[in-house]
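For reference, the structure is listed below as structure tokens.
The values are calculated or read from the model by the stated rules, or taken from the named source; none is laboratory data. Since the structure is predicted, the reported quantities are computational estimates derived from the model, not experimental observations. Note that each Cβ is placed from the backbone with ideal geometry, even for glycine, and that neighbours are counted across all protein chains shown. Each accessible area value is taken on the protein alone, full model and side chains, heavy atoms only, with ligands, DNA and RNA left out. Shrake-Rupley method; radii C 1.70, N 1.55, O 1.52, S 1.80 Å.
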Amino acid sequence: MSVVDPTPAANRPAALTVSHLSVVFGRGASALKAVDDVSFMLRHGEAFGLIGESGCGKSTVLRALAGLNSEYGGSIAFHDREVPHKRDKAFFRRVQMVFQDPYASLHPRKMVQNVLAEPLKIHGFDRPQERIDEILTAVGLGPSFRYRFPHELSGGQRQRVAIARALIIEPELLLLDEPTSALDVSVQAEILNLLKQLRRDRDLTYLMVSHDLAVVTHLCERVAMMSEGRILEEMSAADVRAGRAHEPYTREFLEASVGYRPIA
Amino acid sequence: MAPQPIDQASGQGLRAWLAAPVPSSPFQARMQQLSLKWWRLRANPAALFGLAIIVLIGLTALFAPLIATHDIYAQDLTLRLQRPSAAHWFGTDELGRDIFSRLVFGARITLYIALLTAVIAAPLGLIVGTTSGYLGGWVDIVLMRVVDIFLAFPSLVLALAFVAALGPGIDHAIIAIALAAWPPIARLARAETLSIRKSDYIAAVRLQGASPLRIILGHVVPMCIPSVVVRITLNMASIILTAAGLGFLGLGAQPPSPEWGGMLASGREFILTNGWIAAIPGLAILITSLAFNLFGDGLRDILDPRHG
Amino acid sequence: MDRPLLEVEDLSVSFRGAHRTVQAVRGISFSVGREKVGIVGESGSGKSLTGRTILKLTPKAATISARKLSFDGIDLLAASERQMRTIRGNRISMILQDPKFSLNPLMRVGEQITEAYRLHHKVGGKEAEARALAMLEAVKIRDPARVFRLYPHEVSGGMGQRIMIAMMLIPEPDLIIADEPTSALDVTIRRQVLSILDELVTRRGAGLIFISHDLNLVADFCDRVLVMYAGRIMEDIPARELRNARHPYTRALLDSLPRLDRQTDMLQVPSRDPAWLDGPTLQSGSRA
């Protein structure tokens, strides 16, 4: 496990550079520009949030970054080296994803042990049993969960297994797709704490997508507001908390997120 | 919070082992899941009845030499067309052979046909369907057109054509029926694969760098197995009937083999005078088909992947 | 002070399973007047079930018992199914979470609204249509005549929910039960929809029961909040005092939420005190 690098964030190397990313669904007249000329940069060790409402393209960006969608325009560079549109194993070894719905992201028929052993096998890791025990302990479950099936686990437990699965091959960058939106409020706190702790312990870089402003500012230092496939503006978490936004849409979003106030 | 399995008090041995909240080995975990399915099946009397009949037929087939009372090939023309009696429980047929013993040995043939057909058709359909559904593109197009061609023929006609080409006999009949049975399985597997493909757990394993082969065999196929098993079980009835039909037409098991369909055929001439010769094998076919149908329905309820 | 619209005393709902009986709602008591009452809780707390029990829309396996369950003087517990049908959608309406699932996908939107009206009022088609169009305007839909002819899949989430509100409010009910009405909506749309709901409820002087898992939303929107846990009401408190709630469960929930106005390192994870299952509950403030 790597020691946390004490270099301040601004001086750390760029981990992920996205340049003019665009994703179009459909063809011809019915073509939909889900992502339209999106560019941003993520430094190693940072936590960056993409926020926006449904349909703004944030999940599409994440999926394109993950390698689930190989048809996109623009370029994605990981540590200053452009990644091929169809990713290779070396990429997946360093970039992993945690999905939104814990009830859908684990194979219903596979025991926790097999879920965790598979990525180890694919990437040729040694000491698989030890690693499984270690990661289960690190996510707060423990080795007794090895032989459980997903339907025997609660939402929070499943999400921990999903996080364990993502981290067991020791990636560097974690893509998080609304990791707590499908969970109960009290379970959300556990998972957010876990994510924060893991990031510290393993010097991870996070790119998180969410529609919940409070959750995003809790975990991330910088956020980008997306709407209709575009990035409207980037802000620091402090800016968001203070309500300092330039774009009127962002301001409306921030206001609406703070609480309900009747429209005058 | 997921519902917890009910603790079976402080029982010892097997019950405690099956009810242990934390399984300590993969085997124990799988047995626990299996036992949960068994409890659910027990709640379905029709399915249990079907299973009981199937087990009964299986045991009959297994222990046929011990159960049968007479030599199935021994002809005695002086005893032909006897009614059911103490000496011959189901009577004798037109060549004086004991019907009961022939029925018992016929169970072997029926089960042989049914199981072998399932063993050929199900994996074939599963592989074709999942590959086609997962890879898409021209692989999908080509494979599905092949399936379409097979599906265009009614199953009995298709089986007849194959048997006519290959020659009569029980093994050719099995191949013929299997070739007619696999396309609907492929269709079913493909339809399931199309929706499985979109799920997050498949995306997750893609993101680990798994090859399509690993994904299809290790992740997609296990999810398709329940519906294929149910489908094939429900198809058993039609497989048995097709085999009986081929036997009836003289294209399946050849005489003097005691195949039920063949027995039905030879009993046809005597339906009005010595009805039992045809009725008894006919009833056997009916009960076997019904048993598979009832059991298959019960299987469908318990194998729903959403319940694990 | 006028009599409350809904009075619930010692309501319990239980499900008899194969091996044991599950008490989903355990002896809760509350009343709702012409005000907005929020019922907050996590999944499994019994909040949705409570809403459905008022309309007696519980599953067959459920057994309802109460010392008192009355709406405007009508004993709901003793009411027959026939009587309930005259109340549902007429005097008490229910708004559900996702219009994708609560609107009939095969019927045009306008037809569904007119049907909702004609079920309880004997009027001709033309008049029902006129009322439906007026209702669509009341929920701030800009082109009511066009939307009237649309199918549910052709409208967005926010508009679908407004249509749902129109459908449920057209018979002018006295009590509205809203079960997570904005959980499936984006924050900016949520604000719109809640404003409309707020306006309509206040204008008609109706009562509103707002069921949600979102503590902050309920604190802002409602007049009074009931916090439910494990089938019981832990705390009954005026909304503006929610931030100063005293029951440990409510406090634990509030403290576990990430806050926009305050930066915390680690969130406080609520620990489940088994004492909460049967311990004392709190009621503060009086009804307006």
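Specify the residue that is nearest to residue C:145 (Cα to Cα); the eligible residues are those in region C:117-131 that are open to solvent by 40 Å² or more (accessible area, probe 1.4 Å) and among the hydrophobic types (A, V, I, L, M, F, W, C).
Residue satisfying both the conditions and the ranking: C:130.
Quick one: is residue A:228 more than 14 Å from chain C (Cβ to nearest Cβ) and open to solvent by 30 Å² or more (accessible area, probe 1.4 Å)?
Working: more than 14 Å from chain C (Cβ to nearest Cβ): no; open to solvent by 30 Å² or more (accessible area, probe 1.4 Å): yes.
Considered against the rule, which asks whether it is more than 14 Å from chain C (Cβ to nearest Cβ) and open to solvent by 30 Å² or more (accessible area, probe 1.4 Å), residue A:228 comes out as no.
Results for (1) in contact with a Phe, Trp or Tyr (Cβ under 8 Å, 6 or more places away or on another chain); (2) within 13 Å of chain A (Cβ to nearest Cβ); (3) open to solvent by 20 Å² or more (accessible area, probe 1.4 Å), shown as yes or no for each residue.
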{"position": "C:154", "(1), (2), (3)": "no, no, yes"}
{"position": "C:166", "(1), (2), (3)": "no, no, no"}
{"position": "C:171", "(1), (2), (3)": "yes, no, no"}
{"position": "C:175", "(1), (2), (3)": "yes, no, no"}
{"position": "C:181", "(1), (2), (3)": "yes, yes, no"}
{"position": "C:212", "(1), (2), (3)": "no, yes, no"}
{"position": "C:215", "(1), (2), (3)": "no, yes, no"}
{"position": "C:219", "(1), (2), (3)": "no, yes, no"}
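Restricting attention to region A:88-106, which residues are open to solvent by less than 30 Å² (accessible area, probe 1.4 Å) and either more than 8 Å from chain B (Cβ to nearest Cβ) or not in a loop (DSSP other than H, G, I, E, B) (or both)?
A:91, A:92, A:95, A:96, A:97, A:98, A:102
Is it the case that some residue within region C:251-260 is over 22 Å from the mean Cα position of the chain (by Cα), more than 9 Å from chain A (Cβ to nearest Cβ) and under 15 Å from residue C:41 (Cα atoms)?
Within region C:251-260, the first condition is being over 22 Å from the mean Cα position of the chain (by Cα), and the residues that meet it are C:251-252, C:255-260.
Adding the requirement that they be more than 9 Å from chain A (Cβ to nearest Cβ) leaves C:251.
Going one step further and asking which of them are under 15 Å from residue C:41 (Cα atoms), we end up with C:251.
Taking every residue of region C:251-260 in turn, at least one turns out to be over 22 Å from the mean Cα position of the chain (by Cα), more than 9 Å from chain A (Cβ to nearest Cβ) and under 15 Å from residue C:41 (Cα atoms).
Tell me which residues, restricted to region B:142-155, are open to solvent by 20 Å² or more (accessible area, probe 1.4 Å), assigned to a helix (DSSP H, G or I) and of a type outside the set (Phe, Trp, Tyr).
Looking only at region B:142-155, we keep the residues that are open to solvent by 20 Å² or more (accessible area, probe 1.4 Å), and these are B:142-143, B:145-146, B:148-155.
Those left that are additionally assigned to a helix (DSSP H, G or I): B:142-143, B:145-146, B:148-151, B:155.
B:142, B:143, B:145, B:146, B:148, B:149, B:151, B:155, listed by residue number.
I want to confirm something. Restricting to region A:243-264 and keeping residues that are of a type in the set (Val, Ile, Thr) and part of a helix (DSSP H, G or I), which single residue is farthest from the other protein chains (Cβ to nearest Cβ)? Lay out the reasoning, then the answer.
Pass one, region A:243-264, residues of a type in the set (Val, Ile, Thr): A:250, A:258, A:263.
Now drop any that are not part of a helix (DSSP H, G or I), which leaves A:250, A:258.
Details: A:250: 11, A:258: 6 Å.
Out of the qualifying residues, it is A:250.
Going through region C:49-85 one residue at a time, which ones are touching an Asp or Glu at 6+ places or on another chain (Cβ under 9 Å) and closer than 22 Å to residue C:33 by Cβ?
Initial filter on region C:49-85 (touching an Asp or Glu at 6+ places or on another chain (Cβ under 9 Å)): C:51-52, C:56, C:65-72.
C:51, C:52, C:56, C:66, C:67, C:68, C:69, C:70, C:71, C:72, listed by residue number.
From (1) touching a strand residue (DSSP E or B) at 6+ places or on another chain (Cβ under 8 Å); (2) open to solvent by less than 70 Å² (accessible area, probe 1.4 Å), pick out the condition that doesn't hold for residue C:270.
Unmet for residue C:270, out of (1) touching a strand residue (DSSP E or B) at 6+ places or on another chain (Cβ under 8 Å); (2) open to solvent by less than 70 Å² (accessible area, probe 1.4 Å): (1).
In region C:78-116, which residue that is of a type in the set (Ser, Thr, Tyr) and either over 20 Å from the mean Cα position of the chain (by Cα) or open to solvent by 40 Å² or more (accessible area, probe 1.4 Å) (or both) is farthest from residue C:154 (Cα to Cα)?
Just the residues of region C:78-116 that are of a type in the set (Ser, Thr, Tyr), to begin with: C:80, C:86, C:93, C:102, C:114.
Now drop any that are not either over 20 Å from the mean Cα position of the chain (by Cα) or open to solvent by 40 Å² or more (accessible area, probe 1.4 Å) (or both), which leaves C:80, C:86, C:114.
Values: C:80: 38, C:86: 31, C:114: 19 Å.
Top of the filtered list is C:80.
Are there any pairs with C-beta distances below 9 angstrom linking a residue in region A:193-217 that is at positive phi to a residue that is part of a loop (DSSP other than H, G, I, E, B) and open to solvent by 10 Å² or more (accessible area, probe 1.4 Å), with the two at least 6 apart or on different chains, and if so which?
As it stands, the answer is A:203/A:1; A:203/A:2; A:203/A:3; A:203/A:4; A:203/A:5; A:203/A:44; A:203/A:45; A:203/A:172, since those pairs meet every condition given.
Could you please give the count of residues in region B:28-80 that are more than 23 Å from residue B:15 (Cβ to Cβ), charged (D, E, K, R) and either open to solvent by less than 70 Å² (accessible area, probe 1.4 Å) or in a helix (DSSP H, G or I) (or both)?
Summing the residues that are more than 23 Å from residue B:15 (Cβ to Cβ), charged (D, E, K, R) and either open to solvent by less than 70 Å² (accessible area, probe 1.4 Å) or in a helix (DSSP H, G or I) (or both) in region B:28-80 gives 1.
Considering only residues of region A:75-87 that are without any contact (Cβ under 8 Å) to a residue 24 or more places away in the chain and open to solvent by 50 Å² or more (accessible area, probe 1.4 Å), which is nearest to the other protein chains (Cβ to nearest Cβ)? Reasoning before the result, please.
Going through region A:75-87, the residues without any contact (Cβ under 8 Å) to a residue 24 or more places away in the chain turn out to be A:81-87.
From the residues that got through so far, the ones that are open to solvent by 50 Å² or more (accessible area, probe 1.4 Å) too are A:81-82, A:84-86.
Working: A:81: 18, A:82: 19, A:84: 13, A:85: 14, A:86: 11 Å.
If we take residues in region A:75-87 being without any contact (Cβ under 8 Å) to a residue 24 or more places away in the chain and open to solvent by 50 Å² or more (accessible area, probe 1.4 Å), then A:86 is nearest to the other protein chains (Cβ to nearest Cβ).
Within region C:221-259, track down each residue that is of a type in the set (Lys, Arg), within 26 Å of residue C:23 (Cα to Cα) and open to solvent by 20 Å² or more (accessible area, probe 1.4 Å).
Of the residues in region C:221-259, the ones of a type in the set (Lys, Arg) are C:224, C:232, C:240, C:243, C:246, C:251, C:259.
Right, trim to within 26 Å of residue C:23 (Cα to Cα) and you get C:224, C:232, C:246, C:251.
Once the filter is applied, which keeps residues that are of a type in the set (Lys, Arg), within 26 Å of residue C:23 (Cα to Cα) and open to solvent by 20 Å² or more (accessible area, probe 1.4 Å), region C:221-259 yields C:232, C:246, C:251.
Which of the residues belonging to region A:136-154 are in a helix (DSSP H, G or I), facing another protein chain (nearest Cβ under 8 Å) and surrounded by fewer than 24 Cβ atoms within 10 Å (Cβ to Cβ)? Walk me through it before giving the result.
Within region A:136-154, the subset in a helix (DSSP H, G or I) is A:136-138, A:143-145, A:150-152.
Next cut, facing another protein chain (nearest Cβ under 8 Å) only: A:144, A:150-152.
A:144, A:151, A:152 - these are the residues of region A:136-154 that are in a helix (DSSP H, G or I), facing another protein chain (nearest Cβ under 8 Å) and surrounded by fewer than 24 Cβ atoms within 10 Å (Cβ to Cβ).
I'm told residue B:223 meets every condition in (1) open to solvent by less than 20 Å² (accessible area, probe 1.4 Å); (2) more than 10 Å from chain A (Cβ to nearest Cβ); (3) over 19 Å from residue B:261 (Cα atoms) except one. Can you identify the failing condition by its number?
(2)
Taking the residues in region C:16-48 that are open to solvent by 50 Å² or more (accessible area, probe 1.4 Å) and under 20 Å from residue C:67 (Cβ atoms) as candidates, determine which candidate is nearest to the other protein chains (Cβ to nearest Cβ).
Filtering region C:16-48 for residues open to solvent by 50 Å² or more (accessible area, probe 1.4 Å) gives C:16, C:18-23, C:26, C:29, C:34, C:43-44.
Then drop every residue that is not under 20 Å from residue C:67 (Cβ atoms), which leaves C:21, C:23, C:26, C:29.
Working: C:21: 13, C:23: 15, C:26: 17, C:29: 25 Å.
Applying the filter and picking the extreme gives C:21.
Among C:223, C:186, C:214, which is the only one that is modelled with pLDDT of 90 or more, among the acidic types (Asp, Glu) and closer than 30 Å to residue C:44 by Cα? Explain how you work it out, then say what you get.
Details: C:186 fails: modelled with pLDDT of 90 or more; C:214 fails: modelled with pLDDT of 90 or more.
Only one candidate passes the filter, namely C:223.
Go through (1) without any contact (Cβ under 8 Å) to a residue 12 or more places away in the chain; (2) on the phi > 0 side of the Ramachandran plot one by one and return the number of the condition residue C:154 breaks.
(2)
Which residue is nearest to the other protein chains (Cβ to nearest Cβ), if the candidates are limited to region A:43-74 and must be assigned to a strand (DSSP E or B) and closer than 17 Å to residue A:232 by Cα?
Step one: of region A:43-74, the residues assigned to a strand (DSSP E or B) are A:43, A:47-51, A:73-74.
Next, only the ones that are closer than 17 Å to residue A:232 by Cα stay: A:48-51.
Numbers: A:48: 17, A:49: 12, A:50: 15, A:51: 10 Å.
Among residues in region A:43-74 that are assigned to a strand (DSSP E or B) and closer than 17 Å to residue A:232 by Cα, the one nearest to the other protein chains (Cβ to nearest Cβ) is A:51.
Would you check which residues across region B:17-74 are aromatic (Phe, Trp, Tyr) and within 19 Å of residue A:153 (Cβ to Cβ) and list them?
Restricting attention to region B:17-74, the residues satisfying the condition of being aromatic (Phe, Trp, Tyr) are B:17, B:27, B:38-39, B:49, B:63, B:73.
Across region B:17-74, there are no qualifying residues.
Of the residues that sit in region B:108-119 and are open to solvent by 70 Å² or more (accessible area, probe 1.4 Å) and within 11 Å of the chain's Cα centre (by Cα), which one is modelled with the highest pLDDT? Outline the logic, then answer.
Initially, region B:108-119 is screened for residues open to solvent by 70 Å² or more (accessible area, probe 1.4 Å), giving B:108, B:112, B:115, B:119.
Remaining after also requiring within 11 Å of the chain's Cα centre (by Cα): B:112, B:115, B:119.
Working: B:112: 90, B:115: 90, B:119: 93.
This residue is B:119.
Just to be sure I understand, how many residues within region A:167-213 are closer than 21 Å to residue C:255 by Cα, away from chain C (no Cβ under 12 Å) and β-branched (Val, Ile, Thr)?
Number of matching residues: 0.
Given the criterion within 12 Å of chain C (Cβ to nearest Cβ), within 18 Å of the chain's Cα centre (by Cα) and surrounded by 23 or more Cβ atoms within 10 Å (Cβ to Cβ), identify the matching residue among A:216, A:161. Break it down into steps so the answer makes sense when it comes.
Numbers: A:161 fails: within 12 Å of chain C (Cβ to nearest Cβ).
Checking each option against the conditions leaves just A:216.
Taking residue A:67 as the residue in question, decide whether it is under 20 Å from the mean Cα position of the chain (by Cα), at positive phi and modelled with pLDDT of 90 or more.
On the way: under 20 Å from the mean Cα position of the chain (by Cα): yes; at positive phi: yes; modelled with pLDDT of 90 or more: yes.
When the stated conditions are applied, residue A:67 passes them.
Cβ contacts < 8 Å: first residue open to solvent by 90 Å² or more (accessible area, probe 1.4 Å), restricted to region B:268-280; second residue of a type outside the set (A, V, I, L, M, F, W, C), any location; separation 6+ or different chain. Result?
B:269/B:94
Being buried (at least 22 other Cβ atoms within 10 Å of the Cβ), within 9 Å of chain B (Cβ to nearest Cβ) and out of contact with any Phe, Trp or Tyr (no Cβ under 6 Å at 6 or more places or on another chain) is the filter here, so list the residues in region A:107-133 that pass it.
The answer is A:115, A:118, A:119.
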